[in-house]
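Participant: The following block contains the structure, expressed as structure tokens.
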Amino acid sequence: MKLALIGVGQAGGKVVDEFLAYDARTGADIVRGAIAVNTAKADLQGMDHLSTDRRILIGQSRVKGHGVGADNELGAEVAEEDIGEILGALDSVPIHETDAFLVVAGLGGGTGSGGAPVIAKNLKWIYTEPVYGLGILPGSDEGGIYTLNAARSLKTFVDEVDNLMLFDNDAWRSSGESVEEGFDAINEELVQRFGVLFSAGEVAEGSDVAESVVDSSEIINTLKGGGISSLGYADVAVDEPERKSLLSRLRGESDDGIDSTEATNRITSLVRKATLGRLTLPCEVNGTERALLVVAGPPAYLNRKGIEHGRKWLEEQTGSMEVRGGDYPRRGEGIVAALVLLGGVTNVPRVKELQQVAIEAQQNIGEITGESEDKFSKLMDSDGELESLF
Ligand SMILES: Nc1nc2c(ncn2[C@@H]2O[C@H](COP(=O)(O)OP(=O)(O)OP(=O)(O)O)[C@@H](O)[C@H]2O)c(=O)[nH]1
């Protein structure tokens with residue numbers, strides 16, 4: 001699936017940068033065009049892979065390149081004011097070769113949180129291609145304002161995109177690392193998952209054609225209908241058999257020393273692990289509207305029976321009748337991987353908790369602001385004994 005990527009804010013920009021690194025490393029060729037949009041000059045300078053002319057600094061007249069300081073209403077305003085410049089930067093992207101837009105942002109800050117929904121709204125207005133969001137939820141230790149920002153942005157963003165895929169930093173944080181190191185590792189995990197999803201069906205020249213191809217339309221149909229989506233992933237190392245010669249493939253020779261029962265079991269257990277393990281957004285699988293299973297790996301390991309068993313199992317777990325499945329032949333990585341896209345999840349305790357904390361934070365902020373205004377006017381009150389200069 002060919003994408004036009006728009007990274008908004010620092011997190012959005014870093015994830016887009018990581019997508020470019022993934023594309024270069026794996027040769028997946030999923031990125032048709034990419035831009036990063038930010039109100040902070042320093043954040044744009046910190047990117048490694050995106051060329052400088054694709055980095056768009058917005059809101060200069062308002063914040064002078066210093067960011068919006070976690071004010072997402074201001075983030076939304078400057079994105080709206082500079083929307084012409086943002087859309088202009090996409091003019092050079094060959095949209096006729098692009099299957100979808102992906103707007104990426106951390107929802108807890110100001111620029112991405114406020115700007116991403118504005119950009120998505122404008123893209124949907126202009127283009128007929130689907131516009132997806134990839135939103136990052138803040139860790140619960142980041143504080144009330146980040147949670148409030150994320151909850152308000154989530155509510156807005158989900159209505160402006162064809163589907164909002166979520167990644168929860170809270171579920172992916174690991175102890176003992178600095179925040180920066182932690183984010184680098186998290187971003188790699190994130191892009192590994194979404195990279196496999198979007199590269200499924202992108203058969204490069206000279207590579208093997210999948211037996212039951214997952215193509216972009218399967219991904220689009222799973223994301224169709226809107227709402228929120230989550231992604232599960234599991235992989236296992238395998239020995240890659242030698243690539244067979246064309247002659248032996250034409251003769252139908254299939255003896256590559258791989259036990260088919262083992263291959264089936266490997267896939268079914270990977271599908272369970274991907275679904276029941278750590279999802280990008282932790283949620284209850286039951287009640288998911290649609291799902292897609294992609295099994296990636298060296299063709300000899302992509303056992304059709306295993307994929308079919310895995311798909312049926314996923315149907316039972318989700319209770320959905322719309323579960324698609326297929327394979328994605330991929331050599332050179334030495335792994336078999338199962339990727340499960342849960343499209344339209346409805347039972348998500350994490351979102352409920354986020355909203356609850358955000359409501360409390362909103363009330364506290366209101367009360368504290370009221371109280372401090374009161375206290376300040378008492379502090380300055382001189383019982384009419386002093387007069388201002390003018
Ligand atoms: N996964 C991941 N999350 C990040 C990263 N950087 C920041 N975040 C998260 O994203 C949220 C928003 O942070 P930023 O992207 O820095 O904020 P911004 O959109 O640039 O907004 P301002 O700095 O307020 O102008 C934070 O609450 C973090 O949870 C990153 O590299 N990876």
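Participant: Kindly check whether there is at least one residue in region 3-16 that is touching an Asp or Glu at 6+ places or on another chain (Cβ under 7 Å), open to solvent by 30 Å² or more (accessible area, probe 1.4 Å) and part of a helix (DSSP H, G or I).
Facilitator: yes
Participant: While we're here: Asn347 fails exactly one of the following numbered conditions: (1) part of a helix (DSSP H, G or I); (2) open to solvent by 40 Å² or more (accessible area, probe 1.4 Å); (3) touching a residue at least 40 places away in the same chain (Cβ under 8 Å). What is the number of that condition?
Facilitator: (1)
Participant: Okay, moving on. Give the number of residues within region 1-39 that are of a type in the set (D, E, K, R) and away from the ligand (no atom under 11 Å from the Cβ).
Facilitator: Adding up the residues that qualify gives 5.
Participant: For region 24-39, enumerate the residues that are outside any loop (DSSP other than H, G, I, E, B) and either crowded, with 22+ Cβ neighbours inside 10 Å or within 14 Å of the chain's Cα centre (by Cα) (or both). So that I can check it myself, show each step before the final result.
Facilitator: Of all residues in region 24-39, those outside any loop (DSSP other than H, G, I, E, B) come to 24-26, 31-38.
If the condition is that a residue be outside any loop (DSSP other than H, G, I, E, B) and either crowded, with 22+ Cβ neighbours inside 10 Å or within 14 Å of the chain's Cα centre (by Cα) (or both), then Val31, Ala34, Ile35, Ala36, Val37, Asn38 are the ones that fit.
Participant: Filter region 132-145 down to residues that are touching a strand residue (DSSP E or B) at 6+ places or on another chain (Cβ under 9 Å) and within 12 Å of the ligand (Cβ to nearest atom) and give me whichever is farthest from Ile359 (Cα to Cα).
Facilitator: First, pick out the residues of region 132-145 that are touching a strand residue (DSSP E or B) at 6+ places or on another chain (Cβ under 9 Å): 132-139.
Then keep just the ones that are within 12 Å of the ligand (Cβ to nearest atom); that gives 134-139.
On the way: Leu134: 23, Gly135: 20, Ile136: 19, Leu137: 16, Pro138: 16, Gly139: 17 Å.
Looking at the filtered set, the residue picked out is Leu134.
Participant: Shifting gears a bit: Say whether the condition of being within 12 Å of the ligand (Cβ to nearest atom) and either of a type in the set (A, V, I, L, M, F, W, C) or in contact with a Cys (Cβ under 8 Å, 6 or more places away or on another chain) (or both) is met by at least one residue in region 88-95. If you could, list the steps in order and put the result at the bottom.
Facilitator: First, pick out the residues of region 88-95 that are within 12 Å of the ligand (Cβ to nearest atom): none.
No - not one qualifying residue is present in region 88-95.
Participant: Please go through region 365-381 and pick out each residue that is open to solvent by 80 Å² or more (accessible area, probe 1.4 Å) and not acidic (Asp, Glu). First the steps, then the outcome.
Facilitator: Let us first name the residues in region 365-381 that are open to solvent by 80 Å² or more (accessible area, probe 1.4 Å), namely 367-368, 371, 373-376, 378-381.
If the condition is that a residue be open to solvent by 80 Å² or more (accessible area, probe 1.4 Å) and not acidic (Asp, Glu), then Ile368, Lys375, Phe376, Lys378, Leu379, Met380 are the ones that fit.
Participant: Give the residues of region 101-126 that are in a strand (DSSP E or B) and within 13 Å of the ligand (Cβ to nearest atom), sorted by residue number. Walk me through how you get there before you give the answer.
Facilitator: First pass over region 101-126, keeping only residues in a strand (DSSP E or B): 101-106.
Residues satisfying the conditions are Val103, Val104, Ala105, Gly106.
Participant: Let me confirm something: among Gly326, Gly297, Gly310, which residue is closer than 22 Å to Gly257 by Cα, surrounded by 15 or more Cβ atoms within 10 Å (Cβ to Cβ) and not aliphatic (A, V, I, L, M)?
Facilitator: Details: Gly326 fails: closer than 22 Å to Gly257 by Cα; Gly310 fails: closer than 22 Å to Gly257 by Cα.
The match here is Gly297.
Participant: Output the number of the condition that Glu129 fails; it satisfies all remaining conditions of (1) more than 8 Å from the ligand (Cβ to nearest atom); (2) out of contact with any strand residue (DSSP E or B) (no Cβ under 6 Å at 6 or more places or on another chain).
Facilitator: Here Glu129 clears every test but (2).
Participant: Shifting gears a bit: Search region 40-75 for residues being more than 8 Å from the ligand (Cβ to nearest atom) and in a strand (DSSP E or B), and hand back the single one that is most open to solvent (accessible area, probe 1.4 Å).
Facilitator: Selected residue: His66.
Participant: Tell me which residues, restricted to region 329-343, are in a strand (DSSP E or B) and open to solvent by 10 Å² or more (accessible area, probe 1.4 Å).
Facilitator: Filtering region 329-343 down to residues in a strand (DSSP E or B) leaves 329, 335-343.
Those that are in a strand (DSSP E or B) and open to solvent by 10 Å² or more (accessible area, probe 1.4 Å): Pro329, Ile335.
The values are calculated or read from the model by the stated rules, or taken from the named source; none is laboratory data. Note that the structure is a prediction, hence the values are computed from the model and not measured. Heads up, the Cβs are rebuilt from the backbone with ideal geometry, glycines too, and the neighbour counts pull from every protein chain shown. Surface areas here come from the heavy atoms of the whole protein model, side chains and all, with no ligands, DNA or RNA. Shrake-Rupley method; radii C 1.70, N 1.55, O 1.52, S 1.80 Å.
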